[in-house]
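In what follows, a structure is listed as structure tokens, so that the remarks can point back to it.
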Amino acid sequence: MNLKKSHEVQAMSELISSIADYCGIKQDCLMVGLHTCGDLAPNTLRIFTSNSEIKGVCSVGCCYHLLSEEFEDPHQECTGEKWGFPMSHYLKEERWCCGRNARMSACLALERVAVGQGLPTESLFYRAVLQDIIKDCYGITRCDRHVGKIYAKSSSFLDYVRMSLKKLGLDESKLPEKMIMDYYKKYKPRMNELEAFNMLKVVLAPCIETLILLDRLCYLKEQEDIAWCAVVKLFDPVKSPRCYAVIALRQQQ
């Protein structure tokens, strides 16, 4: 376990212990989820509420973009499936939907940007231009495959495009070097626009994350046997951008 994770686990353990002591609750069994990815975070809370032997839960979620949403597809038939968002009856009645783009934005780290750890503007620019190339030259608007971290391995935009096309299984020989660089020259003057757009997403990120966290808190407050629950800022957001824990303690029988 690295120092960052060790610090987080220790902080979570101490907080749960102190809250349980304050509420006079015997710690028979506690459930802890550290950086529970996507639907694992809401499912952790569901496991807690459905099992009376678990006396407390502390859940730090992450990867909001991987959450499943009940109302994201308006044409989707109603099923008994447990969705990642929304969890609360209140937002379910409102048929609330964030959408993948908003959930992706919720993963951004405002505090890191504020202290000078800016967004990787050039890699985002490469990715945006690549998408336009693929749409224009291959007629593809959606793809299940992902480019991944090719930017770090590439030496130039041309190299990035060649490596990306190869990874996506597309015929790179279809595009001459001049055509690729023409796209680069076309969009290079608009790089500042992309940076401004991404900064706007960063500023709005806490709003979207707060909505997701408060939905989980509302879900817990809707349960009848919860003695105490809250959203607690547990970590330094510069070190751990997903710094909020959803914590709940069950009433003693």
Less than 15 Å Cβ to Cβ from Ala128, Lys/Arg counted +1 and Asp/Glu -1: what total charge do the surrounding residues give?
+2
Percent accessible area from carbon and sulfur atoms, segment 29-114, protein chains only, probe 1.4 Å:
52
The percentage of Cα-Cα pairs in the chain separated by more than 26 Å is 52
Do any of Lys92/Lys135; Lys201/Lys239; Lys135/Lys174 go past 24 Å between their Cα atoms, and which?
Lys92/Lys135
Amide hydrogen neighbours beyond the local backbone of Trp228, cut-off 5 Å, H modeled
Leu249
Two-site label geometry, Tyr138 and Cys218: point separation in nm, points 7 Å out along Cα→Cβ:
4.0
Probe 1.4 Å, heavy atoms of protein chains only: per residue, the accessible area of segment 129-208 in Å² is 67
Cα-based Rg of segment 112-161 per 2.2 N^0.38 Å, rounded to two decimals?
1.33
Excluding Leu213 itself, calculate the net charge of residues whose Cβ lies under 14 Å from the Cβ of Leu213, where each Lys or Arg counts +1 and each Asp or Glu counts -1.
+3
Spin-label zone in segment 167-202 - amide nitrogen under 15 Å from a point set 7 Å from the Cα of Lys153 along the C-beta vector
167-170
Enumerate the calculated ³J(HN,Hα) couplings along segment 227-238 in order (Karplus 6.51 cos²θ - 1.76 cosθ + 1.60, θ = phi - 60°), each rounded to whole Hz, writing x wherever the residue is Gly or Pro.
7, 7, 8, 6, 9, 10, 6, 9, 10, 5, x, 6
Can you pull the percent of segment 115-162's accessible area that's carbon plus sulfur, 1.4 Å probe, other chains left in place?
48
Using only DSSP helix segments of four residues or longer, with each worth -39500 (n - 2.57), what per-residue ellipticity at 222 nm results for the chain after dividing by its residue count and rounding to 500?
-15000 deg cm²/dmol
Given a Förster distance of 25 angstrom, what is the FRET efficiency for Gln251 paired with Cys37, based on the Cβ-Cβ distance and rounded to 0.05?
0.25
What aspartates and glutamates sit close enough to Lys55 to cross-link, taking a C-alpha to C-alpha distance under 19 Å and skipping anything fewer than 8 places away on the same chain?
Glu14, Asp21, Asp28, Glu222, Glu224, Asp225
From the phi angles alone, apply the Karplus equation (6.51, -1.76, 1.60; θ = phi - 60°) to segment 100-111 and give each ³J(HN,Hα) in whole Hz, x where the residue is Gly or Pro.
4, 4, 5, 5, 4, 5, 4, 7, 6, 10, 4, 5
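The values are calculated or read from the model by the stated rules, or taken from the named source; none is laboratory data. Remember, it's a predicted structure, so these values are computed and weren't measured experimentally. Heads up, the Cβs are rebuilt from the backbone with ideal geometry, glycines too, and the neighbour counts pull from every protein chain shown. For accessibility, only protein heavy atoms count, side chains too; no ligands or nucleic acids. Shrake-Rupley method; radii C 1.70, N 1.55, O 1.52, S 1.80 Å.
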